[in-house]
Amino acid sequence: MKKQIIKAISLIAVLALSISFALPLGDMSVKAAEKKVKLNKKKITLTTGDWKKLKLKNGDFAIDDIEWSTSDKAVAKVSRKGWVVALVKGECTIKAKVKATGKTYKCKVTVNAPDISKRVIDPEKPIIALTFDDGPGPNTSGLLETLKTYGATATFFMCYSNGSGFRVYSDVVREVYNAGCEVANHTQNHPQLTKCSASKIDDEVNGNADKLAELVGKGQRFLLRPPYGAFNDTVKQIANVPLIIWSVDSLDWKYKTQSNCTELIMKEVKAQAKDGGIILMHDIHKTSCEAVKTVLPWLIQQGYQVCSVSEMFEARGVELENGVSYTKCITAAEYKANK
């Protein structure tokens with residue numbers, strides 16, 4: 001009996017020794033190390049425009065050791081260093097793949113649109129104002145949804161009767177106002193004011209302002225964008241409000257019939273967009289409103305806070321003066337220098 005026990009113990013020892021030779025200690029340590037590696041976050045919640053750093057813990061990884069990816073580039077993008085930027089309301093999954101092992105680690109990302117009423121614009125970071133002319137129209141409500149989704153606002157320069165205007169879409173004026181966007185003046189019938197008589201200028205500009213006030217409240221000052229950007233001293237004097245021109249012309253009206261309209265608009269925006277700039281677009285064109293779905297995330301990716309004209313100037317501490325024309329605001333660098 002004792003001999004049988006000794007043989008059994010010897011057999012177990014031999015088997016254990018065999019297993020130790022078949023599975024080197026190095027492999028065991030690698031497998032143990034793999035189990036310890038994990039992302040610093042399994043799920044994160046961000047607001048559009050926010051950034052968050054993801055990284056793998058318990059491993060000595062260089063930047064090129066990890067391959068980062070996202071399940072939905074429209075919702076959030078991720079850099080090769082693991083920085084996640086939130087672009088639009090929605091959900092996606094960020095993956096970190098270790099190239100050497102093929103092991104993948106996941107983080108669920110939820111992106112929320114910010115509450116516009118609580119949004120604070122940082123004057124020391126890039127700002128750009130988005131503006132729309134000639135509406136409102138049948139595409140404006142959908143455009144407001146896009147702006148809301150991306151947590152952005154804009155200034156809408158409205159006509160009473162240019163095509164349809166708010167003579168027909170009066171409810172949309174209130175919709176724009178209630179969405180936290182800026183209602184502004186683009187004359188009643190879109191004439192070139194420099195070719196009009198003084199009485200005609202007064203009717204076009206101040207008559208339109210009176211009609212807007214009936215919809216969103218009296219006692220307000222409505223910024224003016226003269227049609228075609230055309231103005232002179234007479235227009236300034238009669239209007240007696242700030243005149244807002246632009247620094248970024250998207251040429252959306254020119255490209256509206258092109259099959260690659262969005263691509264052409266993006267080319268213009270990318271070439272001209274700068275901190276403190278004012279972008280010109282038109283919400284009467286369906287193609288322009290569709291293009292905004294591409295323009296906005298690109299601007300956010302570049303670090304811009306996208307807002308209305310008045311919000312941008314107020315954030316930078318610049319008072320918009322009556323009878324003065326503006327194509328842009330001061331930059332963050334100029335703001336810091338003036339503090």
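Normalising the Debye intensity of region 140-251 to I(0), with uniform scatterers on Cα atoms only, and taking log10 at q = 0.15 Å⁻¹ returns -0.63. Converting phi to 3J(HN,Hα) with the Karplus coefficients 6.51, -1.76 and 1.60 and the offset θ = phi - 60°, region 124-130 yields 8, 10, x, 10, 9, 9, 9 Hz in sequence order, with x at every glycine or proline.
Rounded to the nearest 0.05, what FRET efficiency is calculated for residue 263 and residue 199 with R0 set to 41 Å and r the Cβ-Cβ distance?
Using R0 = 41 Å, I get an efficiency of 0.35.
Electrostatic bookkeeping for residue 243 treats Lys and Arg as +1 and Asp and Glu as -1; over the other residues with beta carbon under 11 Å from its beta carbon, the sum is +1. Applying the Karplus relation 6.51 cos²θ - 1.76 cosθ + 1.60 with θ = phi - 60° to region 163-178 yields 3J(HN,Hα) values of x, 10, x, 7, 4, 9, 9, 5, 5, 6, 4, 5, 4, 4, 4, 5 Hz, where x marks Gly and Pro. Compared with the dominant Cα axis of the chain, that is its longest principal axis, helix 25-36 is turned about 30°.
What angle do you read, to the nearest 10 degrees and between 0 and 90, between the alpha-carbon axis of helix 286-301 and the longest principal axis of the chain? On a 0 to 90 degree scale, this one is about 50.
Taking a straight line from the alpha carbon of residue 267, these aspartates and glutamates sit under 18 Å away, with near neighbours fewer than eight places off in the same chain left out: 249, 252, 275, 290. Global size of region 37-112: 11.7, 35 Å for Rg and Dmax (C-alpha atoms, Rg to one decimal, Dmax whole).
For residue 83, the residues whose amide H sits under 5 Å from its own are 54, ignoring neighbours fewer than 5 places away on the same chain, with H placed 1.01 Å from N.
Ranked by the mean number of other Cβ atoms within 10 Å of their residues, highest first, the peptides 169-180, 113-124 come out as 169-180, 113-124.
Protection proxy ranking of 97-108, 260-271, by the mean of other Cβ atoms within 10 Å over each peptide's residues and highest first, is 260-271, 97-108. The Cα center of region 159-214 and the Cα center of region 272-339 differ in position by 21 Å. Each distinct pair of alpha carbons in the chain adds a 1/r term; the inverse of their mean, the Kirkwood radius, is 23.3 Å.
For the chain, averaging the sequence separation of C-alpha pairs within contact (under 8 Å, six or more residues apart) and dividing by the residue count gives a relative contact order of 17 percent. Computed across region 76-206, the Kirkwood hydrodynamic radius from all distinct Cα-Cα pairs reaches 18.1 Å.
The numbers here are math on the coordinates, done by the rules we state, and not lab data. Owing to the predicted nature of the structure, the values given are computational and were not obtained by experimental measurement. With ideal geometry, Cβ positions are generated from the backbone for all residues, glycine too; neighbour counts draw on all protein chains shown.
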